[in-house]
Structure formats: C-alpha cells, structure tokens
Amino acid sequence: MTKSRQSYISSLGIDGRLLGMIGALLALWIMFDFFTGGRFITPRNLFNLSVQTASVAVMATGMVFVIVTRNIDLSVGSLLGFIGMMMGAFQVHFLPDLVGGGHWSIWMITCVFGIVLGGAIGSFQGWVIGYLTVPAFIVTLGGFLVWRGGAWWVTSGQTVAPLDTVFKLLGGGVEGTLGETMSWVLGALATIAALCLLFLSRKRKKAHGFLVKPFWAEISVAAIIGTVIIGYAAFMNAYPVPARAAKRIYESKGMEVPADGSTLVYGIAIPVVILLVVAFFMTFTAKRTKFGRYVFATGGNPEAAELSGINTKMLTVKIFALMGALTAVAAIIASARLGSADNNLGNLDELRVIAAAVIGGTALTGGFGTIHGAILGALIMQSLQSGMAMVGVDAPLQSIVVGVVLMLAVYVDIVYRRRAGL
Amino acid sequence: MENQTPLVEMRDMQLAFGGIKAVDHVSIDLNAGEVVGLLGHNGAGKSTLIKMLSGAYQSDGGEILVSGEVAEINNPRDARSYNIETIYQTLALADNLDAGSNLFLGRELLTPMGFVDDDAMEAETRKIMSRLNPNFQKFSAPVSALSGGQRQSVAIARAVYFNAKILIMDEPTAALGPQETQMVAELIQKLKADGIGIFLISHDIQDVMDLCDRVSVMKNGKLVGTERVEDVTDDDILAMIILGKNPTKEPS
C-alpha cells in the first residue's frame, strides 16, 4: 500500500507539487468566493489580484536563484524603495530639464536607469558575499538598513509625484492595460507558443529515441494550458471600464462615445504582461542556459560545482545582480501603480518575496526551486491576504493566518520531498 | 620504459596549511599505461598532493610537468585542459541533478544557439553508461536517488567520457560492495590497456598490490619511497606506511 502510493507520487514527479499548489489556490478562491457571496472570483477582483501579485512575483523569480544557491536576500524591499525613489526623482526632477517635460522618452530612460542601478547594487552585494565571503544574511541585512535609509535621503523624505504619464501605465491603471483586441492577440500568441514548445520538445525526445508521455497525456496538458491562458484573457476582457473613465479615454483619443451602449473593457494589465515576460525569461534561464545549470549545481553541492571548474564566486555576483535588476522591475511596477514614489515603497516586501519563493517549493537547504512555483506562491499569498481583507478578517488575525500558512506549506513540502525520496 | 618521458612528473611539490606542512618536498611520476598507487595513513598528504594535480589546491612550490612540459595548473579547469580527470572520494556529484547533468557539469553540450542541450547530453550518457554499467537505467532521476555503485559509475563516466590521459582515482572502491569493486578493477585494467596513466589513492594494500605497477608511500607529508610492486612484499609496504622505513634492498 505504502509502496504503491510512493511510486504513484514519484511517478507524478514535479507535476505532483504543481498540481497540489494549483489545487490549494483553487480551494482558496472557491472558499473566499463563498464567504464573500460571489465577490471573489469576478473579473474585477482577479484583475486587481493579478496586478497586486505582479511586483512581488517578479522579485520572487529572482529569489529562487538566490535561495537555490543557499543564500538569502533581505534587502529587496528596501532596495525596491530606494530604486523607486531614485527613478521618481530622476524622471520628475532631472530628466525634464534634460529632454523637456512630458517627453516621450522619459519612461524608457527611467526604466533603463532603474534596471542598471538595481543590477549595479546587486552586483556589489554579490561581490561582498562571493569574494569577501561575508554571509549573504549579513550583507543583505545591512542592505535592508542602508537602502531604506538611502530611500529617505534621495529627497529628504519627500514624496515624488506625479510620475510621468506613460511611466504610470506600467502600473496597470485604467489605461495601463492591453485593451480588448491586444489581450485576445496576446492570449492566442501565448497559447500557440506554449503548444509549439510542448510539441517541439516531444519531437526532440522522440528523435533521440527517449520514452515520451502518451499522446493523450500530451494533448490534455496542451488543452489545460490553452484553456487557462485563453480563459484568463476572456476574464480580463469581461471587466468593463467604468463609464466615466471610458468617456475620458474616448475623448482623449478624439473619438465619439459609441451610442449603442457598448463600453471599453480592461483586458490584461501591463504589469501582468511584464510578469509573463520575466517568468518566461527566468524559466528559460533556469532550464536552458549554462548559468541556470550552474545555479542549481552550486545549490546542490557547492564543492562539486567548484571542482567542475565553475567559478562560484562570479556566479554569486551574477545571481545578486539579476536579483537587483528584477527588484528594479518590481520597483517600476510598484511606483507606477501608486503614481508616486514615497519612502514606504516596498516596505516588508522582502518577507513577502521570501515567503512566496518558499511556499512555491524553493528549499532553503538549496538545490531545489522553480520559477512557476514561486509565482504561484506569490499568487497564493496575495489571494490569502486580499481574500481575508474582503471577508473582513481583522488585520492582526490576517498576519497570524499568513504566518501559520507559511509554516504549514513548508512542512507539507518537507513531507512531499521525503516521500518522493529527494 | 625507463627512458621514455613520463606522462606526469610532480617535482618537489610543497603545500602548507597554516604551519603544517601537508606536502613536504614530494616528487612522484606516472607513465602512460601505468597505474601508480599512493598509500599512507589518513593525513599522510596523499590526497593533498593529488589535489594539486587536479587543480583543487594551488601549490606553494614545486612544478608539474605533463609529457615533459611544465604545466600551469591553478584550478580544475586548467587540469581538465591537460586531460587530467579526477574521481574524488566524495564523488563530487550535485545530488539534485540527474546523471547527464552531472556528467557534463562545467562542459555542457550546447545547441547551435548556445543553450544547454539536455536531450543530447542524455543520449551521450546513455551511450557511455551502456558500456560502463549496462544495468544503469535511471537517467532522469536526481543522482541522490541512485545506489552507491550507480553514483560511482556516474563519477567514473564523467572522467572517462572526456578522453582522460591522466586519471586520478581517490579511494574509488571505499563505498562499494564486492561486485562493484570488481567492476572498478576491470575498468582500471581496460583504461590501462588504452594507455591512460592512473594515480590510485587507497587505504587498501591488497587493492594496490593487485592493481598497481608501482606504489609510492607517504607519511607525515613526506615521500617514504616509490617501489615496483613486484619488488616488495605486503610487509615491506606496511613497514613503509607505519614506520616510514624503506625496504632494505640487496645492493645490485
């Protein structure tokens, strides 16, 4: 009995964990939907949920690499605040003098500036960890204090507002979405891309004469992926823009408000598009590049990695540089969403990011973790928090529940690993 | 045999940790198609000596010659470029990765676009495993799920696959059962016949007497001596290891 169950779990492999997480997420959603009287699983709420998740999820993908190599980064929340303030001051106080106020290039230059700054700060922290061998916990605990203080110093604590109008679209407000047509196009393209990848991989494996999944299994996986992507696009396209905002948008484009009562819809939010791009990039990096392979090898056995000729010090620098750059991307989303940059930006985010990665199956002992797991982890955390807020759970109880769920998730993960013999 | 250039010469090697001389002016050499055993107690310095050859440690002094030419070995990558491969006692496997990823670690096969080609690596791993260990089947499981013998064959495959000329084996049979030990012994004979030079580090005098052509004994970081296996008895070797005493030879 035990044996058959064990082989069942191990034959499911990594998919077993993924299925469990998706199951947990759906259970949460259905429960909250029930307790809020059907207000949770609505286009409006899922739109907000996906936008709220994006910033933490982007950082969680980077945190996977950090934790897989047995490091930790406690500085990401403060760093998000610092980079957010720097980008705010840069686009409001500096760039307009250079290129002229409201210039079309402001948002792009600001983003590049932020990402380069994040990469540079991350590299520096990685260099201290890798080459000076100061433990990551200490370096990033220092960074946690330094960058929060730095964020205050940028403008002596003053909030920077309003941010550039195009920049603000990256935060996903009423206009910061793809709109109806583009959402359908993106959904279709993403589905086609996913199917192509699935079948190319199958073809490659067959060409080498390896065992492949039965064809019906492949078809079902493809069908599920397609349904989720198209379903999400359809759901977002079912979220109508409020009449007054729609009128403003039509007028700004010099168009007449349609007389037949049809109205604009939100569609997929731009922060979600950014998250999708980051997720694809990070998954590809983890699975198909030497760098990704070395990250996991070093996490599994640092000594073996070094004996294989891997420069683990330089690897640490690169991992933290990547984490810094992703923190900048998250800072773009978070400050654009607020429409301003203030000192509080990213406060406590380091804990949300670490929790998301860990709930998503990243082991603090190193060597194990997935990008999609971390993103799901972020989504579960955010669902839990906004769900409880909607139900009307007291704030102190909310944090108690989140804390207990975190511990429970890691315990379940440990049991899963033990059963799977990993 | 005597007048040919040795495959490897380590001359006057020195390395100290803190004030302790782990390797103290030691010279050894190795010819093509030869197995040289390195014997000594724990802490005698044999692993330290050999890690200077494999690039894991950098020497404080002395020089390494490969095929008569001075070799600059500062890291494992350098050692690999001289076709020096090492099978470590700990096996040095990343437990979370599968056999193919471990076999090619640091030397991944890439697609024309420059990305890691897992399928090609698995195909190559299947090929070499069918020669080394035909029973090996778990190609997609992490190596933590493998038995001691299977893990050992992954570590051996890694050394053999890349056309090693010089092979270092650090206690290759320490964790193995009798059948798997036999497998390793047969492999050593096969590699030797292919002209590969092998340094075999071992605790087991019997192993060394069976498999090696010559044996070098170390004690307290110093070389006691190097003898041809057929010239000495087990007791002579034991005396070298324990007492640090060279066997008394008839003047020739």
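Among residues of region B:29-56 that are within 14 Å of another protein chain (Cβ to nearest Cβ), those with a beta-carbon under 6 Å from a residue that is in a loop (DSSP other than H, G, I, E, B) at least six positions away or on a different chain give the pairs B:Lys51/B:Tyr57; B:Met52/B:Ser59; B:Gly55/B:Ile73; B:Gly55/B:Asn75.
Residue by residue, here is whether (1) without any contact (Cβ under 8 Å) to a residue 40 or more places away in the chain; (2) out of contact with any Leu (no Cβ under 9 Å at 6 or more places or on another chain); (3) assigned to a loop (DSSP other than H, G, I, E, B) holds:
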residue	(1), (2), (3)
A:Ala336	no, no, no
A:Glu350	no, no, no
A:Ala355	no, no, no
A:Val358	no, no, no
A:Gly361	no, no, yes
A:Gly369	no, yes, yes
A:Ala374	no, yes, no
A:Met381	no, no, no
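Of all the listed residues (A:Val228, A:Val273, A:Val185), the sole one being at pLDDT 90 or above, of a type in the set (Val, Ile, Thr) and in the same structural domain as A:Gly62 (by TED's automatic domain parsing) is A:Val273.
Here B:Ile84 fulfils each of the conditions (1) facing chain A (nearest Cβ under 9 Å); (2) open to solvent by less than 10 Å² (accessible area, probe 1.4 Å) apart from (1). When the helices (runs of 4 or more DSSP H) confined to region A:16-103 are screened for residues that are open to solvent by 10 Å² or more (accessible area, probe 1.4 Å), within 28 Å of A:Val241 (Cα to Cα) and hydrophobic (A, V, I, L, M, F, W, C), those reaching at least 1 such residues are found at A:43-68. The residues of region B:125-166 that are open to solvent by 40 Å² or more (accessible area, probe 1.4 Å), within 12 Å of another protein chain (Cβ to nearest Cβ) and within 23 Å of B:Pro76 (Cα to Cα), listed by number, are B:Arg151, B:Phe162.
What residue, of A:Leu379, A:Leu338, A:Leu348, A:Leu326, is under 17 Å from the mean Cα position of the chain (by Cα), closer than 30 Å to A:Trp153 by Cα, open to solvent by 20 Å² or more (accessible area, probe 1.4 Å) and not charged (D, E, K, R)?
A:Leu348
For region A:299-320, the tally of residues that are at the interface with chain B (Cβ under 8 Å from one of its Cβ atoms), open to solvent by less than 50 Å² (accessible area, probe 1.4 Å) and in a helix (DSSP H, G or I) stands at 5. Of everything in region A:175-229 that is among the small types (Gly, Ala, Ser) and over 26 Å from the mean Cα position of the chain (by Cα), the residue that is most open to solvent (accessible area, probe 1.4 Å) is A:Ala207. Just one of (1) facing another protein chain (nearest Cβ under 8 Å); (2) at positive phi; (3) out of contact with any Ser or Thr (no Cβ under 7 Å at 6 or more places or on another chain) fails for B:Thr90. It is (2). If the condition is being open to solvent by 70 Å² or more (accessible area, probe 1.4 Å), without any contact (Cβ under 8 Å) to a residue 12 or more places away in the chain and not polar (S, T, N, Q), then region A:125-164 contributes A:Leu132, A:Pro135, A:Ile138, A:Trp153.
For region A:165-174, filtering for residues that are basic (Lys, Arg) and open to solvent by less than 40 Å² (accessible area, probe 1.4 Å) leaves 0.
Checked against (1) over 23 Å from B:Gly106 (Cα atoms); (2) aliphatic (A, V, I, L, M); (3) within 14 Å of another protein chain (Cβ to nearest Cβ), B:Met209 passes all but condition (3). Does at least one position in region B:99-106 carry a residue that is outside the structural domain of B:Ile168 (by TED's automatic domain parsing), in contact with a Phe, Trp or Tyr (Cβ under 9 Å, 6 or more places away or on another chain), touching a residue at least 12 places away in the same chain (Cβ under 8 Å) and surrounded by fewer than 22 Cβ atoms within 10 Å (Cβ to Cβ)? Yes, that holds for at least one residue. The set of residues from region A:394-422 being surrounded by fewer than 16 Cβ atoms within 10 Å (Cβ to Cβ) and either part of a loop (DSSP other than H, G, I, E, B) or among the acidic types (Asp, Glu) (or both) comprises A:Asp394, A:Gly421. Consider region B:106-123 and keep the residues that are of a type outside the set (D, E, K, R) and assigned to a loop (DSSP other than H, G, I, E, B). The one that is farthest from the other protein chains (Cβ to nearest Cβ) is B:Pro112.
The values are calculated or read from the model by the stated rules, or taken from the named source; none is laboratory data. Keep in mind that what you see is a predicted model, and the values were worked out from it rather than measured. As a convention, Cβ positions derive from the backbone with ideal geometry for all residues, glycine included, and neighbour counts pool all protein chains shown. Remember, those area values only see protein heavy atoms, side chains included, never the ligands or the DNA or RNA. Shrake-Rupley method; radii C 1.70, N 1.55, O 1.52, S 1.80 Å.
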